[in-house]
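What follows is a set of notes on a single structure, which appears directly below.
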Amino acid sequence: MKAEFWIERWQNGQIGFHQEAFNAHLQNYWPALGLPAEACVFVPLCGKTLDLLWLRSQGHSVLAVEISELAVAAFFRENDLQAQITQEEHFSRWQCAGIDILCGDFFDLQAADVGICDALYDRASLVALPAAMRRQYVRHLQKTMPQQKPHLLVALSYDQNVIDGPPFSVEEAEVRELYAAFKGIKKVFSEDVISGSPHLQKKGLQHLQETVYCLQG
Ligand SMILES: C[S@@+](CC[C@H](N)C(=O)[O-])C[C@H]1O[C@@H](n2cnc3c(N)ncnc32)[C@H](O)[C@@H]1O
(Lines give C-alpha, C1' and ligand atoms only; values in the text may rest on other atoms or scores of the structure.)
Protein backbone atom coordinates (compact mmCIF):
# COMPACT_ATOMS: atom_id res chain seq x y z
CA MET A 1 0.00 0.00 0.00
CA LYS A 2 1.75 3.11 -1.25
CA ALA A 3 1.80 6.52 0.40
CA GLU A 4 -0.08 7.92 -2.62
CA PHE A 5 -3.06 5.70 -1.79
CA TRP A 6 -3.54 7.47 1.55
CA ILE A 7 -2.67 10.91 0.25
CA GLU A 8 -5.39 10.50 -2.40
CA ARG A 9 -7.90 9.25 0.15
CA TRP A 10 -7.40 12.42 2.15
CA GLN A 11 -7.62 14.55 -1.01
CA ASN A 12 -10.88 12.83 -1.99
CA GLY A 13 -12.36 13.00 1.50
CA GLN A 14 -12.51 9.17 1.76
CA ILE A 15 -11.89 9.14 5.49
CA GLY A 16 -14.69 6.95 6.84
CA PHE A 17 -12.23 5.76 9.52
CA HIS A 18 -12.18 9.18 11.19
CA GLN A 19 -14.18 9.42 14.42
CA GLU A 20 -15.85 12.64 15.52
CA ALA A 21 -15.50 11.73 19.20
CA PHE A 22 -12.82 10.36 21.47
CA ASN A 23 -12.44 6.61 21.05
CA ALA A 24 -14.40 4.79 23.77
CA HIS A 25 -11.80 2.00 24.09
CA LEU A 26 -9.06 4.53 24.61
CA GLN A 27 -11.02 6.11 27.45
CA ASN A 28 -11.98 2.74 28.97
CA TYR A 29 -8.72 0.82 28.70
CA TRP A 30 -5.88 3.36 28.64
CA PRO A 31 -5.84 3.52 32.48
CA ALA A 32 -5.14 -0.26 32.53
CA LEU A 33 -1.66 0.46 31.15
CA GLY A 34 -0.86 2.22 34.43
CA LEU A 35 1.17 5.05 32.95
CA PRO A 36 2.10 8.20 34.84
CA ALA A 37 0.62 11.46 33.52
CA GLU A 38 4.04 12.67 32.41
CA ALA A 39 4.49 9.71 30.03
CA CYS A 40 5.02 10.51 26.37
CA VAL A 41 2.70 8.59 24.02
CA PHE A 42 3.49 7.67 20.44
CA VAL A 43 0.55 7.54 18.00
CA PRO A 44 1.58 6.06 14.64
CA LEU A 45 -0.51 6.73 11.50
CA CYS A 46 -2.60 9.25 13.41
CA GLY A 47 -4.76 10.84 10.70
CA LYS A 48 -6.51 13.77 12.38
CA THR A 49 -7.73 11.73 15.33
CA LEU A 50 -9.18 13.61 18.28
CA ASP A 51 -7.59 10.96 20.47
CA LEU A 52 -4.41 13.06 20.44
CA LEU A 53 -6.37 15.66 22.40
CA TRP A 54 -7.73 13.07 24.83
CA LEU A 55 -4.23 11.77 25.53
CA ARG A 56 -3.01 15.32 26.09
CA SER A 57 -5.94 15.96 28.44
CA GLN A 58 -4.59 13.11 30.62
CA GLY A 59 -1.36 15.05 31.06
CA HIS A 60 0.61 13.07 28.46
CA SER A 61 2.80 14.60 25.84
CA VAL A 62 1.99 13.15 22.43
CA LEU A 63 4.20 12.38 19.45
CA ALA A 64 2.37 11.26 16.31
CA VAL A 65 3.22 10.53 12.70
CA GLU A 66 1.04 10.99 9.64
CA ILE A 67 1.89 10.98 5.94
CA SER A 68 -0.87 13.28 4.70
CA GLU A 69 -0.15 16.97 5.18
CA LEU A 70 -3.82 17.62 4.54
CA ALA A 71 -4.71 15.48 7.58
CA VAL A 72 -2.16 17.19 9.80
CA ALA A 73 -3.26 20.67 8.75
CA ALA A 74 -6.90 19.67 9.32
CA PHE A 75 -6.11 18.44 12.84
CA PHE A 76 -4.69 21.81 13.83
CA ARG A 77 -7.27 23.91 11.96
CA GLU A 78 -10.35 21.97 13.12
CA ASN A 79 -9.23 22.07 16.73
CA ASP A 80 -8.31 25.78 16.69
CA LEU A 81 -4.68 25.00 17.43
CA GLN A 82 -1.82 27.10 16.16
CA ALA A 83 0.99 24.96 14.76
CA GLN A 84 4.68 25.85 14.84
CA ILE A 85 6.13 24.12 11.79
CA THR A 86 9.79 23.23 11.44
CA GLN A 87 11.49 21.24 8.71
CA GLU A 88 13.56 18.19 9.61
CA GLU A 89 15.41 15.76 7.36
CA HIS A 90 12.48 13.43 6.65
CA PHE A 91 9.57 15.22 8.29
CA SER A 92 7.91 18.53 8.85
CA ARG A 93 7.25 18.79 12.58
CA TRP A 94 3.92 20.41 13.50
CA GLN A 95 3.89 21.43 17.16
CA CYS A 96 1.58 22.93 19.73
CA ALA A 97 1.53 22.60 23.51
CA GLY A 98 1.77 18.89 24.34
CA ILE A 99 1.41 17.59 20.77
CA ASP A 100 4.02 17.06 18.04
CA ILE A 101 2.96 15.56 14.73
CA LEU A 102 5.70 14.45 12.36
CA CYS A 103 4.33 14.80 8.85
CA GLY A 104 6.01 12.17 6.69
CA ASP A 105 6.47 8.44 6.27
CA PHE A 106 6.36 6.23 9.38
CA PHE A 107 9.06 4.06 7.79
CA ASP A 108 11.48 7.03 7.83
CA LEU A 109 11.27 7.31 11.63
CA GLN A 110 14.52 6.87 13.53
CA ALA A 111 15.06 5.71 17.10
CA ALA A 112 16.04 9.31 17.93
CA ASP A 113 12.52 10.45 16.91
CA VAL A 114 10.47 8.03 19.03
CA GLY A 115 13.00 6.91 21.64
CA ILE A 116 11.57 9.45 24.10
CA CYS A 117 8.12 7.79 24.05
CA ASP A 118 6.94 5.61 26.94
CA ALA A 119 3.86 4.02 25.38
CA LEU A 120 1.98 3.59 22.12
CA TYR A 121 -1.66 3.92 21.06
CA ASP A 122 -2.73 2.16 17.86
CA ARG A 123 -6.28 2.50 16.60
CA ALA A 124 -6.77 1.73 12.90
CA SER A 125 -3.02 1.82 12.22
CA LEU A 126 -1.89 -1.82 12.12
CA VAL A 127 -5.19 -2.74 10.40
CA ALA A 128 -4.62 -0.02 7.79
CA LEU A 129 -1.77 -2.10 6.35
CA PRO A 130 -1.75 -5.28 4.24
CA ALA A 131 -0.10 -8.38 5.75
CA ALA A 132 3.45 -7.92 4.44
CA MET A 133 3.47 -4.27 5.51
CA ARG A 134 2.17 -5.16 8.97
CA ARG A 135 5.32 -7.20 9.50
CA GLN A 136 7.50 -4.31 8.32
CA TYR A 137 5.50 -1.93 10.53
CA VAL A 138 6.08 -3.98 13.69
CA ARG A 139 9.71 -4.61 12.76
CA HIS A 140 10.23 -0.88 12.29
CA LEU A 141 8.51 -0.14 15.60
CA GLN A 142 10.78 -2.60 17.37
CA LYS A 143 13.80 -0.96 15.79
CA THR A 144 12.78 2.54 16.78
CA MET A 145 11.12 1.68 20.15
CA PRO A 146 13.19 -1.34 21.13
CA GLN A 147 12.14 -1.70 24.77
CA GLN A 148 8.59 -3.05 24.38
CA LYS A 149 6.83 -0.08 25.90
CA PRO A 150 3.14 -0.56 26.82
CA HIS A 151 0.72 -0.49 23.86
CA LEU A 152 -3.04 -0.15 23.58
CA LEU A 153 -4.04 -1.77 20.29
CA VAL A 154 -7.50 -1.66 18.73
CA ALA A 155 -7.80 -4.25 15.96
CA LEU A 156 -10.50 -5.63 13.66
CA SER A 157 -11.03 -9.11 12.28
CA TYR A 158 -13.51 -10.38 9.71
CA ASP A 159 -13.79 -12.73 6.75
CA GLN A 160 -11.22 -11.30 4.35
CA ASN A 161 -12.77 -13.45 1.56
CA VAL A 162 -15.89 -11.27 1.61
CA ILE A 163 -14.28 -7.84 1.35
CA ASP A 164 -10.79 -6.50 0.88
CA GLY A 165 -9.13 -3.91 3.14
CA PRO A 166 -8.34 -1.41 4.37
CA PRO A 167 -9.16 -1.92 7.13
CA PHE A 168 -7.56 -5.36 6.89
CA SER A 169 -8.50 -8.28 9.07
CA VAL A 170 -5.96 -8.96 11.83
CA GLU A 171 -6.73 -12.04 13.89
CA GLU A 172 -5.64 -12.59 17.47
CA ALA A 173 -3.08 -15.21 16.42
CA GLU A 174 -1.35 -12.68 14.18
CA VAL A 175 -1.30 -10.06 16.95
CA ARG A 176 0.32 -12.61 19.26
CA GLU A 177 2.87 -13.57 16.63
CA LEU A 178 3.74 -10.01 15.60
CA TYR A 179 4.12 -8.85 19.19
CA ALA A 180 5.70 -12.04 20.56
CA ALA A 181 8.52 -9.97 22.12
CA PHE A 182 6.01 -8.62 24.66
CA LYS A 183 5.69 -10.51 27.97
CA GLY A 184 1.97 -9.83 28.28
CA ILE A 185 -0.71 -9.53 25.61
CA LYS A 186 -4.09 -9.19 27.28
CA LYS A 187 -7.35 -9.14 25.35
CA VAL A 188 -9.51 -6.65 27.25
CA PHE A 189 -12.47 -6.30 24.86
CA SER A 190 -13.88 -8.24 21.94
CA GLU A 191 -17.28 -7.73 20.36
CA ASP A 192 -19.04 -8.07 17.02
CA VAL A 193 -19.57 -4.46 15.92
CA ILE A 194 -21.01 -5.14 12.45
CA SER A 195 -24.28 -3.38 13.34
CA GLY A 196 -22.29 -0.13 13.53
CA SER A 197 -20.99 -0.57 9.96
CA PRO A 198 -24.02 -0.70 7.61
CA HIS A 199 -21.78 0.05 4.59
CA LEU A 200 -19.84 -3.18 5.26
CA GLN A 201 -23.08 -5.11 5.85
CA LYS A 202 -24.25 -3.92 2.44
CA LYS A 203 -21.07 -5.41 0.96
CA GLY A 204 -22.05 -8.79 2.45
CA LEU A 205 -20.03 -8.80 5.68
CA GLN A 206 -21.94 -10.50 8.51
CA HIS A 207 -19.42 -10.19 11.34
CA LEU A 208 -16.83 -7.60 12.27
CA GLN A 209 -14.98 -8.35 15.46
CA GLU A 210 -13.38 -5.43 17.24
CA THR A 211 -10.74 -6.48 19.75
CA VAL A 212 -8.71 -4.39 22.14
CA TYR A 213 -5.34 -5.59 23.45
CA CYS A 214 -3.13 -4.25 26.23
CA LEU A 215 0.51 -5.13 25.56
CA GLN A 216 3.07 -4.95 28.33
CA GLY A 217 6.81 -5.45 27.95
C1 LIG B 1 -7.05 4.11 8.77
S2 LIG B 1 -6.30 5.66 9.03
C3 LIG B 1 -6.31 5.75 10.80
C4 LIG B 1 -6.03 7.11 11.36
C5 LIG B 1 -6.10 7.23 12.86
N6 LIG B 1 -5.29 6.24 13.55
C7 LIG B 1 -7.53 7.20 13.35
O8 LIG B 1 -7.83 6.41 14.27
O9 LIG B 1 -8.34 7.98 12.85
C10 LIG B 1 -4.60 5.35 8.64
C11 LIG B 1 -3.78 6.62 8.54
O12 LIG B 1 -2.42 6.29 8.34
C13 LIG B 1 -1.83 7.20 7.45
N14 LIG B 1 -0.68 6.49 6.87
C15 LIG B 1 -0.71 5.43 6.04
N16 LIG B 1 0.54 5.02 5.74
C17 LIG B 1 1.39 5.84 6.42
C18 LIG B 1 2.81 5.90 6.53
N19 LIG B 1 3.61 5.04 5.90
N20 LIG B 1 3.35 6.85 7.33
C21 LIG B 1 2.55 7.73 8.00
N22 LIG B 1 1.19 7.72 7.92
C23 LIG B 1 0.61 6.79 7.14
C24 LIG B 1 -2.96 7.51 6.47
O25 LIG B 1 -2.78 8.74 5.78
C26 LIG B 1 -4.18 7.53 7.40
O27 LIG B 1 -4.43 8.81 7.88
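Listing for the model above:
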| item | result |
| --- | --- |
| Failed item, numbered, when LEU156 is tested on (1) under 18 Å from PHE182 (Cβ atoms); (2) modelled with pLDDT of 95 or more; (3) out of contact with any Lys or Arg (no Cβ under 6 Å at 6 or more places or on another chain); (4) outside any helix (DSSP H, G or I) | (1) |
| Total residues in the stretch 17-38, condition in a loop (DSSP other than H, G, I, E, B), surrounded by 12 or more Cβ atoms within 10 Å (Cβ to Cβ) and within 12 Å of the ligand (Cβ to nearest atom) | 5 |
| Residues that are surrounded by fewer than 20 Cβ atoms within 10 Å (Cβ to Cβ) and within 16 Å of the ligand (Cβ to nearest atom), drawn from the stretch 46-60 | LEU50, LEU53, TRP54, ARG56 |
| Qualifying residue in the stretch 165-174 (condition: within 17 Å of the chain's Cα centre (by Cα) and of a type in the set (Gly, Ala, Ser)) | yes |
| Options PRO166, PRO146: the member that is outside any helix (DSSP H, G or I), out of contact with any Leu (no Cβ under 7 Å at 6 or more places or on another chain), touching a residue at least 24 places away in the same chain (Cβ under 8 Å) and within 14 Å of the ligand (Cβ to nearest atom) | PRO166 |
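Residue-by-condition table, conditions (1) touching a strand residue (DSSP E or B) at 6+ places or on another chain (Cβ under 6 Å); (2) at pLDDT 95 or above:
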| position | (1), (2) |
| --- | --- |
| MET1 | no, no |
| ILE15 | no, yes |
| HIS18 | no, yes |
| GLN27 | no, yes |
| LEU50 | no, yes |
| LEU55 | yes, yes |
| ASN79 | no, yes |
| ALA83 | yes, yes |
| THR86 | yes, yes |
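The values are calculated or read from the model by the stated rules, or taken from the named source; none is laboratory data. Only a predicted model underlies this, so the values are computations on that prediction, with no experimental measurement involved. Backbone-built Cβ (ideal geometry, glycine too); neighbour counts: all protein chains shown.
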